[in-house]
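K.L.:
One structure follows; several queries about it will come next.
The values are calculated or read from the model by the stated rules, or taken from the named source; none is laboratory data. Predicted model, so just to flag it, every value in this text is computed and none were measured. As a convention, Cβ positions derive from the backbone with ideal geometry for all residues, glycine included, and neighbour counts pool all protein chains shown. Areas reflect the complete protein model, heavy atoms only, side chains present, ligands, DNA and RNA absent. Shrake-Rupley method; radii C 1.70, N 1.55, O 1.52, S 1.80 Å.
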Amino acid sequence: MMVDAQLIPRGISDSRVLEAMRNVPRHLFVPESMKDSAYADMAMAIGENQTISQPYMVAIMTELLGLAGDEKVLEIGTGSGYQAALLAALAKEVHTIERIAALSERAADKFRELGIENISTHIGDGTLGLAEYAPFDRIIITAATPEIPAPLLGQLKDGGFIVVPVGERFSQTLIKGTKTDKMLLKEYHTACVFVPLIGEFGWKGQ
Ligand code: SAH
């Protein structure tokens, strides 16, 4: 239903992404009280003032990553863990970092429950990246940032992609950047609204 009603009509066409979105159980990543509307066309609160993105936004970001199956991916903003579970189905190795420990631990429990073994969860400021696991083939930031954090560009492979909502506090544009010869070639995609990326190279404070 979600895939046929919300994703295909809006232009999501990568068959691997569509298949993963049919298979990953989104209802297990939303709060118990929201289970009935887990597949609805909207973002949802997941506690700690954070949200799980609307299915379409998850789909477009995932499609823009252009995953073939052999990549090492870094996600900033684990949140519920839903996006990371999708990435795990589409890539080889996923590292996901979250600044709120309670969310990270809850997501790690879900991955264990589902038997997903190719995700490593990390707690900390994702704007600094994860130097010890770099370089990454793909980086996805699932929180809004005023600019792309410099450390992340340093940890992206040449030829790699980064997908990130960049802009102001309450309105951003989804950007796909391709790293070539230490430059970042940018493509501008849909308008969006994400919760803020808070950290040394994002927004400061709450
Ligand atoms: N990808 C998530 C949605 C994330 S919402 C999902 O599928 O559910 C954005 C998340 O980014 C929030 O959980 C927030 O706590 C986290 N976040 C914000 N700033 C961060 C930072 N500097 N490092 C890591 N995580 C951060």
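K.L.:
Out of the residues in the range 45-79 that are more than 19 Å from residue 163 (Cα to Cα) and either among the β-branched types (Val, Ile, Thr) or within 9 Å of the ligand (Cβ to nearest atom) (or both), which is nearest to the chain's Cα centre (by Cα)? Reasoning before the result, please.
P.N.:
Taking the range 45-79 first, the residues more than 19 Å from residue 163 (Cα to Cα) are 45-50.
Imposing the further condition that a residue be either among the β-branched types (Val, Ile, Thr) or within 9 Å of the ligand (Cβ to nearest atom) (or both) reduces the set to 46, 48-50.
On the way: 46: 15, 48: 18, 49: 17, 50: 13 Å.
Selected residue: 50.
K.L.:
Could you check, for the range 126-135, whether at least one of its residues is open to solvent by less than 30 Å² (accessible area, probe 1.4 Å), within 20 Å of residue 91 (Cβ to Cβ) and assigned to a helix (DSSP H, G or I)? Give the derivation first.
P.N.:
In the first step, residues of the range 126-135 are kept if they are open to solvent by less than 30 Å² (accessible area, probe 1.4 Å); the result is 126-127, 129-130.
The next check asks that each one be within 20 Å of residue 91 (Cβ to Cβ); those that pass are 126, 129-130.
Still in the list and also assigned to a helix (DSSP H, G or I): 126.
Yes: one or more hits.
K.L.:
Being free of Cβ contacts under 8 Å to residues at least 12 places away in the same chain, open to solvent by 50 Å² or more (accessible area, probe 1.4 Å), within 16 Å of the ligand (Cβ to nearest atom) and of a type in the set (Lys, Arg) is the requirement here; does residue 186 meet it? Show your work before the answer.
P.N.:
On the way: free of Cβ contacts under 8 Å to residues at least 12 places away in the same chain: yes; open to solvent by 50 Å² or more (accessible area, probe 1.4 Å): yes; within 16 Å of the ligand (Cβ to nearest atom): no; of a type in the set (Lys, Arg): yes.
Against the criterion (free of Cβ contacts under 8 Å to residues at least 12 places away in the same chain, open to solvent by 50 Å² or more (accessible area, probe 1.4 Å), within 16 Å of the ligand (Cβ to nearest atom) and of a type in the set (Lys, Arg)), residue 186 does not qualify.
K.L.:
If I ask for residues that are part of a helix (DSSP H, G or I) and within 16 Å of residue 75 (Cβ to Cβ), which ones from the range 107-125 would you list?
P.N.:
Keep residues of the range 107-125 that are part of a helix (DSSP H, G or I), which gives 107-113.
Once the filter is applied, which keeps residues that are part of a helix (DSSP H, G or I) and within 16 Å of residue 75 (Cβ to Cβ), the range 107-125 yields 107, 108, 110, 111.
K.L.:
Same structure, new question: In the set 177, 115, 160, which member is surrounded by fewer than 21 Cβ atoms within 10 Å (Cβ to Cβ), more than 15 Å from the ligand (Cβ to nearest atom) and of a type in the set (Gly, Ala, Ser)? Step through it out loud before you land on a result.
P.N.:
Numbers: 177 fails: surrounded by fewer than 21 Cβ atoms within 10 Å (Cβ to Cβ); 160 fails: surrounded by fewer than 21 Cβ atoms within 10 Å (Cβ to Cβ).
Only one candidate passes the filter, namely 115.
K.L.:
Quick one: residue 35 ticks every box in (1) touching a helix residue (DSSP H, G or I) at 6+ places or on another chain (Cβ under 6 Å); (2) farther than 25 Å from residue 95 by Cβ; (3) touching a residue at least 12 places away in the same chain (Cβ under 8 Å) except a single one, so which number is it?
P.N.:
(3)
K.L.:
Take the residues in the range 31-66 that are part of a loop (DSSP other than H, G, I, E, B) and under 29 Å from residue 158 (Cβ atoms), then tell me which one is least open to solvent (accessible area, probe 1.4 Å).
P.N.:
Taking the range 31-66 as the starting set, the residues that turn out to be part of a loop (DSSP other than H, G, I, E, B) are 31, 38-43, 48-49, 53-54, 65-66.
Still in the list and also under 29 Å from residue 158 (Cβ atoms): 53, 65-66.
Numbers: 53: 26, 65: 0, 66: 33 Å².
The selected residue is 65.
K.L.:
Here's something else I'd like to know. Can you report the number of residues in the range 87-106 which are more than 8 Å from the ligand (Cβ to nearest atom) and part of a helix (DSSP H, G or I)?
P.N.:
Residues flagged as more than 8 Å from the ligand (Cβ to nearest atom) and part of a helix (DSSP H, G or I) within the range 87-106 amount to 9.
K.L.:
Which residues, counting only those in the range 63-100, are of a type in the set (Gly, Ala, Ser) and closer than 16 Å to residue 143 by Cα? Reasoning before the result, please.
P.N.:
Residues of the range 63-100 of a type in the set (Gly, Ala, Ser): 66, 68-69, 77, 79-81, 84-85, 88-89, 91.
Scanning the range 63-100 gives 77, 79, 80, 81, 84.
K.L.:
Somewhere in the range 67-82, is a residue in a helix (DSSP H, G or I), open to solvent by less than 40 Å² (accessible area, probe 1.4 Å) and closer than 22 Å to residue 184 by Cα? Give the derivation first.
P.N.:
So the first thing to find is which residues in the range 67-82 are in a helix (DSSP H, G or I), and the list is 82.
Still in the running and open to solvent by less than 40 Å² (accessible area, probe 1.4 Å): 82.
Those left that are additionally closer than 22 Å to residue 184 by Cα: none.
Scanning the range 67-82, I find no residue that is in a helix (DSSP H, G or I), open to solvent by less than 40 Å² (accessible area, probe 1.4 Å) and closer than 22 Å to residue 184 by Cα, so the answer is no.
K.L.:
Within the range 1-17, take every residue that is without any contact (Cβ under 8 Å) to a residue 40 or more places away in the chain and assigned to a helix (DSSP H, G or I) and give me the one that is farthest from residue 52 (Cα to Cα). Break it down stepwise before answering.
P.N.:
The first filter runs over the range 1-17 and keeps only residues without any contact (Cβ under 8 Å) to a residue 40 or more places away in the chain, leaving 1, 3-5, 8-9, 11, 15.
Okay, now just the ones that are also assigned to a helix (DSSP H, G or I), so 3-5, 15.
Numbers: 3: 17, 4: 20, 5: 19, 15: 23 Å.
That would be 15.
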